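Every number here is computed from the coordinates shown, using simple stated rules; none is lab data. None of the values given here were measured: they were computed from a predicted structure. Heads up, the Cβs are rebuilt from the backbone with ideal geometry, glycines too, and the neighbour counts pull from every protein chain shown.
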Amino acid sequence: MLKDIISQYRGGFSLHTELRAQQNTSRRVAVLAGEIVANSRTDVGGVSARVYKNGVYGFASGADYTDENVRNVLEAAERNAVFMDSRVGKGEKAFPSVERGEYRMKLDVNDVEQRHYVEFVRALDARIAERYPGLVSRRVVASSDSMEKLLVVADGFDSYSLMPRSYIYVTLTVPDKLGGTVELYEVMGGRGWFTDIFKDPAALDEKVDALYTRLMQKADGVYADAGVKDVVMHPNLAGMLAHEAVGHTVEADLVLGGSVAGPMLGRQVASELVTMVDFANTLHDGSPAPLPVYVDDEGTPASDEVLIKDGILTGYMNNRESAERFGMTPHGNARAYLFSDEPLIRMRNTGIIPGKSKLEDMIAAIDDGYYLVETGNGQADTTGEFMFGINLGYEIKHGKIGRAIRDTTISGVAFDMLKTVDMLSDDNVWLSSGFCGKKQPMPVGMGGPAIKCRVNIGGR
Amino acid sequence: MNKREIAEYTLDKLMKSGAEGASVGVSQGSTDELNIDGGEFSLMRTLFNSGLSMKAIVGGRKGNAAINRLDRESIDAAIENCIAAAKSGKPDSAERIAPGVGEHSFEDGPQQPDTALLYDRMREYIEDVRKDYPLIMLEQVIAQFDHEESLYMNTNGTVFNSIGGEYGIEAMFSAHDGERSSSFCGFGASMYDLDRRIIDMDLHRNTLEGAVKSLATRSFGDKMVGRVIFTPGCLAGFLSSIIGNFMSDSVIIDGTSPWKNRIGEQVASEGLCVSTIPLDPRIVCGERFSGGFVSENMDYIKDGVLKGFAIGDYASLKTGFARAANQSMNLWVKPGEKSLEEIVSGIGRGLIIDRFSGGDPAQNGDFSGVAKNSFLIENGKITDAVSETMISGNLVELMQSLAAVSRETACDGQSVLPWAAFDGVTISGK
């Protein structure tokens, strides 16, 4: 646990300053075709300071967690802020004060030895090898990371937080009917320490069985027919849609950079069925968010940001500077990944609120289209055009699920596509294994219900 | 302790802890960075960087650990973790420490930044863009100088010292006219000096002009299978996918690469030569060593024939295929005879694609995604930007469908690539 050697420097802040000590850990074991191909532990930590002066920031960081280095980092950050102010001369005023206080997360560190990862992965791999002898290849990866932060700010909440995540990735490969191979993967796990989540490899059998069944369907799959189609997106895709299609366009720094959402505030951008929220720490139904944030890295207490309410664009995600520009209230979206990273406007747990429909009724409502089940990577654009890869999907013919389809990609323009949403399921799925990329990586949660809409699908 | 003392201490302690072989990398350096957001200066950063990575073999089992603090307590903890990781593993005869090759030193680029000049170049860049391309919004620009001193040492007697310094710029921008907006466009370059205006660097004006032209788009129209031209930046992305899907460690080890048995065979059109060239003088701070081996340039594909895989020492020993001579992605494709204009003039209807935004290609090479910042080619001329256009195909087939390579190339300090035209790509508009 991080020892507090930074609070003592608050009294010396001459400008608006954030001082942060941070430790990130990463543990990884990968077994490919029965061989251990990765077996590593990484620890990265240090201290950083960011200083605001008249509209510009200075930042500095260093790895040593010593009094001498804290002083060096503070001095370098202030020197950079003064340099920028002297050259740029924006002359902007100080931020309005935010509520002051202190938040301390209560969670013990449980960073177990590497053998726990190795033993679990090898046992799971052996079970898979025995249960599915027809595999061309198999890969089992245990991966966990944690982010521990101690924050002292000139104005706002001081905080201590600790966020561990642990996951098992299983990727299976089988021959396909075209003489090649197809693969599919499943991610299991969530927030927490590895041995708290993964106790018995046999407990994952059910999920691996389901993965194998879907993979065999995919091996017999067909190419999607390219074009604009009616689709039902499984809840697994809803979060990606919320994150990529809408979330990035309403990050206030991207709005300032010319995002399509700029002129759309207060306008109808989606079907009235759609309400989208960037949750801080507690979901709409009162359950914990997958990756809760209580205080951001500018010292702003975190609360929910409603992005779309009944189809109307209602808000942006802000840091303190952008909130001041837009006349909005910051809700705690300024987050940094490593100690050496400055806080950027980031999503936290972004999702669509469930509707009232049943999944089977949504599928039955499509005569000729697709049921899209698993996604891989995604990308957004300032225009609102998004794409994400589809790793598993099925044809829908006359209201019934048909053949599986091979890997493809879907795309659309967010504020056009969201107007085509005419059914949302009454359940939802939340995921947390992903990293969002935006100068820095960042763990984010995403979720939502099944969605019936129209999108452009790639294929042959 | 200095870097050499840290390396010697770490190797000694790993061996005394039971390793039969070990390697260590120590680095120290700094980053000076200026940020522009929404067209305005926003931030200046100074990072004091350090790192220590180690590998140990204990009873034929490998362990790795990495940290960024160089105090003795942190180093001792990392050594303990590394040894514990190795002991928890499984013996594998393909694990080893690279053979000894003696001591080598490398030095590239300036060792100190000219921060005031970097600032002035950025201010000039903002003004140039405002004056020449008033519809362009610079969403984010990151300009930095990186300096790193690193040392690699292993228990077989290899010592590599390297010192490197380089400037880099990454810009993301889009064009805006009222509520109309282009897609975001990117520009990036690495360089040893700041002698040139940023706006005049290779291809930058092309991408700025392309963004402005993309404010007005039209549909590609009916689906067709035809010829597309990839710009150098887009070609780099496709080549990276091909290397990852068909030539990298994991797909060669598990045998799922469609090219696993194709060394020495024709896998691409005869005109295609693909190499990695970290030692080329046009490459900025190219890789000098990797995995305990001195880096050399390498041909992956020569005249369409597959010459080798992009695999490291472990995958090489595991499979019997030769280790790649470098691990860089400093790509080079041999230029062709025709000019880009001549290649375009031979296309009746097709696309020139600047950026591909797609899902990760499937294991067999199937790909699909959105053609971004792309323009119609009609009757031998580049005409309008296209909207919501998807392309799809297969990477194995694509490599065998090369129609032409331009004689012009673009260099961003990391790769030297031409424009390349391929047939057989499915194009579908909305």
7 Å from Cα along Cα→Cβ at both residue A:111 and residue B:132: what's the point-to-point distance in nm?
5.0
More than 27 Å apart - percent of Cα-Cα pairs taken over the range A:129-253:
44
Set of the range A:102-138 residues, backbone N closer than 16 Å to the point 7 Å along the Cα-Cβ line of residue A:200
A:120, A:123-124, A:127
By how many nm would the segment from residue B:111 to residue B:123 grow when fully extended, if each residue of separation counts as 0.36 nm and the alpha-carbon distance is taken off?
2.0 nm
Spin-label pair residue B:322/residue A:10, simplified geometry with 7 Å Cα→Cβ offset, distance in nm
6.3
Reach of residue B:302 by Cα under 15 Å, taken over aspartates and glutamates that are not fewer than 8 positions away in the same chain:
B:265, B:270
Just order B:37-43, B:380-386 by mean Cβ neighbour count inside 10 Å, highest at the front, would you?
B:37-43, B:380-386
Let me check against my output: what whole-number percent is the relative contact order of the range A:31-116, with C-alpha pairs under 8 Å and at least 6 apart?
26
I'd like the mean, over residues of B:84-97, of how many other protein chain beta carbons sit within 10 Å of each residue's own Cβ.
4
Efficiency by 1/(1 + (r/R0)^6): what FRET value for residue B:76 and residue A:102, r their Cβ-Cβ distance, R0 = 51 Å, to the nearest 0.05?
0.90
Checked against a 24 Å limit on the C-alpha separation, the offending pairs among A:218/B:62; B:90/B:318; B:87/B:260; B:55/B:90; A:106/A:439; A:229/B:223 are A:218/B:62; B:87/B:260; A:106/A:439
Evaluate Rg over Rh across chain B, taking Cα atoms for both radii and Kirkwood's formula for Rh.
1.01
Computed E for residue A:422/residue A:178 - FRET, C-beta separation, R0 30 angstrom, nearest 0.05
0.25
How much length is gained if the chain between residue B:2 and residue B:280 is pulled fully straight, taking 0.36 nm per residue apart and subtracting their Cα-Cα distance, in nm to one decimal?
97.0 nm
A student applying the Cα gyration tensor rule (rounded when a/c is under 1.5; otherwise prolate if a/b is larger than b/c, oblate if not) would label the range A:124-180 prolate
Estimated 222 nm signal from helices in the protein assembly as shown, with DSSP H stretches of n ≥ 4 weighted -39500 (n - 2.57), rounded to 500
-6000 deg cm²/dmol
If one compares the long axis through the Cα atoms of helix A:205-219 with the longest principal axis of the Cα atoms of chain A, the angle in degrees, nearest 10, works out at 60
Within 10 Å of the Cβ of an average residue in A:384-396, the count of other chain Cβ atoms is 3
Hits among lysines - C-alpha to C-alpha of residue A:309 under 18 Å, sequence gap 8 or more where chains match
A:356, A:419
With an 8 Å cut-off on Cα pairs and a minimum separation of 6 or more residues, tell me the relative contact order of the range A:7-219 in percent.
21
Under 1.5 on a/c is rounded, so check that first for the range B:3-202, then, if it is not, pick prolate when a/b is larger than b/c and oblate when it is not; a ≥ b ≥ c are the square roots of the alpha carbon gyration tensor eigenvalues.
prolate
With equal scatterers on the alpha carbons only and no solvent term, can you work out the Debye log10 of I(q)/I(0) for the range A:227-457 at 0.07, 0.08, 0.13, 0.18 1/Å?
-0.21, -0.27, -0.71, -1.32
Taking every residue of A:52-58, the Cβ atoms of other protein chains inside 10 Å of its Cβ average out to 3
With the cut-off at 1.5 for a/c, could you classify the range B:142-273 from its C-alpha gyration tensor as rounded, prolate or oblate?
oblate
Report the dimensions of chain A along its three principal axes from the alpha-carbon atoms, largest first, rounded to Å.
68, 55, 39
Relative to chain B, whose Cα atoms define the longest principal axis, helix B:204-213 and its Cα axis are tilted in degrees, nearest 10, by 40
DSSP-loop trypsin sites (Lys or Arg not before Pro) across the range A:142-184, with at most 14 other Cβ within 10 angstrom:
A:177
Per residue Cα convex hull volume for the range A:7-219, in cubic angstrom?
186
Could you estimate the translational diffusion coefficient of the range B:224-428 from the Stokes-Einstein equation, with Rh from the Kirkwood formula over C-alpha pairs, at 10 °C and 1.306 mPa s, in whole µm²/s?
91
Surrounding charge for residue A:377, neighbours by C-beta under 13 angstrom, Lys/Arg +1, Asp/Glu -1, total -4
Can you tell me the 0 to 90 degree angle between the C-alpha axis of helix A:114-131 and the longest principal axis of chain A, rounded to 10?
10
Largest first and in whole Å, what are the equivalent-ellipsoid semi-axes of the protein assembly as shown based on the Cα gyration tensor, each being the root of 5 times an eigenvalue?
37, 35, 32
